[in-house]
Amino acid sequence: MTSETGGNAAHSCTFVTDTATMCVFDVAGMRHRLADDVDWWSIPSAELAEVNAGHVVFLNLGSDGAYAVELADDLADPQVTVNLKVESGRVFIGAAEEVTADGLEPEAVFGGMFVQLAPGNYRVLARRKEGHIALAFLPGERGDNSFADLVRI
């Protein structure tokens, strides 16, 4: 795993959200939402459908604010594991306000970062303690999920 500025898996960033949600997705995998309204994902059924299709990981955080994200090679005792399809390898991690919509793709305006992964399926492991979120991307067999409700950490 590398960031767009190079390096290894020991990456970190901060982001600010006023929707109490972070997202993780391959930019190419969300282009089908480019023409949608900016708040398409605020409809729970639309959010859940995209998560279950493996196009995006939305993590509902419970409160607005600033969060620190640290990437790890592995993560013991994750609170959630979500399968994600990575098509192009350019993966955005940050505020859900930057999810693809309204003719715009993410630019890390609210913080966040882009990482480069080899195309394929991944298990995204997540754990949160207060304003700190740890993530790990592990190769996975599946690219889809079967959640009955929105993912919260």
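A few notes on this one:
- Residues with amide H under 5 Å from that of T14, placed H, sequence gap 5 or more: V69, G112
- Only Lys, Arg (+1) and Asp, Glu (-1) charged, at Cβ; the chain dipole about Cα centre in debye: 440 debye
- Springs join every pair of Cα atoms under 10 Å in this Gaussian network model of the chain, and among I133, I93, I43 the largest mean-square fluctuation is at I43.
- Size of charge dipole - segment 72-153 - debye, nearest 20, with Cβ of Lys, Arg +1 and Asp, Glu -1, no other charges: 260 debye
- J(HN,Hα) series, segment 71-77, from Karplus relation 6.51 cos²θ - 1.76 cosθ + 1.60, nearest Hz, glycine and proline x: 9, 10, 6, 7, 9, 6, 6
- Listed residues A118, S12, A108: farthest to the positive end of the dipole of the chain (Cβ charges): A118
- Magnitude of the charge dipole for segment 52-102, about its Cα centre and with charges confined to Cβ atoms of Lys, Arg (+1) and Asp, Glu (-1), is about 180 debye.
- Distant alpha-carbon pairs in segment 1-107 (separation over 21 angstrom), percent: 33 percent
- Using θ = phi - 60° in the Karplus curve 6.51 cos²θ - 1.76 cosθ + 1.60, the 3J(HN,Hα) couplings for segment 65-70 round to x, 9, 9, 9, 10, 10 Hz; x is entered for Gly and Pro.
- J(HN,Hα) series, segment 108-121, from Karplus relation 6.51 cos²θ - 1.76 cosθ + 1.60, nearest Hz, glycine and proline x: 6, 5, 9, x, x, 6, 10, 10, 9, 10, 5, x, x, 9
- For a label point 7 Å along the Cα-to-beta-carbon line of Q116, residues of segment 31-75 with backbone N under 19 Å: 71-73
- The relative contact order of the chain comes to 34 percent, based on Cα pairs under 8 Å that sit 6 or more residues apart.
- Whole-number D in µm²/s for segment 26-70 (Stokes-Einstein; Kirkwood sum over Cα pairs; 4 °C, 1.567 mPa s): 108 µm²/s
- Rounded is the label for segment 91-153. Its Cα gyration tensor axes, ordered a ≥ b ≥ c, give a/c under 1.5.
Read-outs throughout are calculated quantities, based only on the coordinates presented, and are distinct from any laboratory measurement. For clarity, every value in this text was computed on a predicted model and none was experimentally measured. When we count neighbours, we look across all protein chains shown, and the Cβ atoms used for this are built from the backbone with ideal geometry, even at glycine.
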